[in-house]
Amino acid sequence: MKDYRKTKNDIVLAIEAFTRSIDSSNDYRGDMSLLVQVTSNLKLVRLGYWERLIRSELDSNLYLTAQSKWARWFKPAPKLTWLDIVNADGYKREKSLRALSKDGAPNAFSLALAVRRLNDWVPQVRTAAREVLPSMLKSTEPKYVTEVLCMLLINWHSWGKIEEIDKHLFLDMVISEKMALLLKSRLISSTSGPMPSLLSQIGRTGILDNYLNEIASNAVQPYVRAKAYRSLFESRMTWVKSREWQWIDKYYGEQKLVPIIAERKIDVQTPFLELLNRSAVDRSPIVRQVSAEFLIRNIESLGIHARNLAEKFAADKSANVAEQGRFVLIKLDEKALNR
């Protein structure tokens, strides 16, 4: 909480410094260097809150603190900057997007503000974002694009105004081998955060298909390894496409929000038994459970390998994995008696 308050104060002070710096010597653009420095350290969460804070502080500093009628009437209006992407005036948000379309974002935070305009409440602003983002992304450092892409993929199923076509267009903008390597590195090395959801959403494209085996073996988070193994076992990627309200009880007016799942077939040729053996010795019971699940699904086709793996699982330290192993052994014994 203390860090959060400090960040808020730092942003307020940076906006004050920016508005004080607006004069004829800089063509009334102002010096945003301090604000860029402060927001470069921000995690891309609670962006709606930061947008409202910036908008409020800008309004306060630019209009409410004018010292004289002369200043109000004759001081030229500041030129459009990255901050105007969150201006309360939709016309200014649209104009700022178009004015900055060829400029690379100074940090991930600024780029995130632009990308969030795909979910803007004004249709013309959404159109502008759709049209200018390709050139903006090309001019921005790939590490910033990667960070924003991760934020977007994790959150966009909750965006009510972004259209499915915009999601595909955005992914088409960023898909490249360089981006694939950056995303793979993020998925493997991240120790926290919703990386399994990120992997699912990236699965909309084939950008990481050839790296799934590496992710399954090396990702730090066990749920990421489990998701990668499951995708390889099933030869498909699944993700939450959207969320929709469904009736639980119409009489009492009860509804619940349920995820709508989409999928895409993948063509990664890894021998099934190899996957089974690798996942069976994973250090996490979360992954070993996935392995045991697919052993159960494929008892008939595995022959002697099924019993060897079942015995290994039955002796597992995890109660859930051990239970699955014993279940397979029972099934194999029943099959042997019926011969």
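The values are calculated or read from the model by the stated rules, or taken from the named source; none is laboratory data. Every value quoted in this text rests on a predicted model; they were computed, and no experiment measured them. For neighbour counting, all protein chains shown are included, and Cβ atoms are generated from backbone atoms with ideal geometry for every residue, glycine included. When the accessible area is computed, the model is the full protein with side chains, heavy atoms only, and any ligands, DNA or RNA have been set aside. Shrake-Rupley method; radii C 1.70, N 1.55, O 1.52, S 1.80 Å.
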Select, from Leu97, Leu62, the only residue that is modelled with pLDDT under 75, outside any loop (DSSP other than H, G, I, E, B) and of a type outside the set (D, E, K, R).
Leu62
Cross-chain or 6+ apart pairs with Cβ under 6 Å, segment 87-110 first and under 20 Å from Asp59 (Cβ atoms) and of a type in the set (Ser, Thr, Tyr), then assigned to a helix (DSSP H, G or I) and open to solvent by less than 10 Å² (accessible area, probe 1.4 Å)
Ser96/Ile85
Residue in segment 297-317 that is of a type in the set (Gly, Ala, Ser), at pLDDT 90 or above, surrounded by fewer than 16 Cβ atoms within 10 Å (Cβ to Cβ) and out of contact with any Lys or Arg (no Cβ under 7 Å at 6 or more places or on another chain) present
yes
Would you mind stating whether Glu263 is open to solvent by 30 Å² or more (accessible area, probe 1.4 Å), assigned to a strand (DSSP E or B), out of contact with any Asp or Glu (no Cβ under 8 Å at 6 or more places or on another chain) and at pLDDT 90 or above?
yes
Can you name the residue in segment 29-45 that is part of a helix (DSSP H, G or I) and under 16 Å from Glu57 (Cα atoms) and is also most open to solvent (accessible area, probe 1.4 Å) among such residues?
Leu34
What pairs come up if the first residue lies in segment 214-238 and is under 16 Å from Ala280 (Cα atoms), the second is in a helix (DSSP H, G or I) and polar (S, T, N, Q), and their beta carbons are under 6 Å apart, counting only those six or more places apart or on different chains?
Tyr229/Ser279
What are the pairs with Cβ atoms under 6 angstrom where one residue, in segment 155-176, is within 15 Å of Gly206 (Cα to Cα) and the other, located anywhere, is modelled with pLDDT of 80 or more and surrounded by fewer than 18 Cβ atoms within 10 Å (Cβ to Cβ)? Sequence gap at least six, or different chains.
Leu171/Thr205; Met173/Pro134; Ile175/Thr205
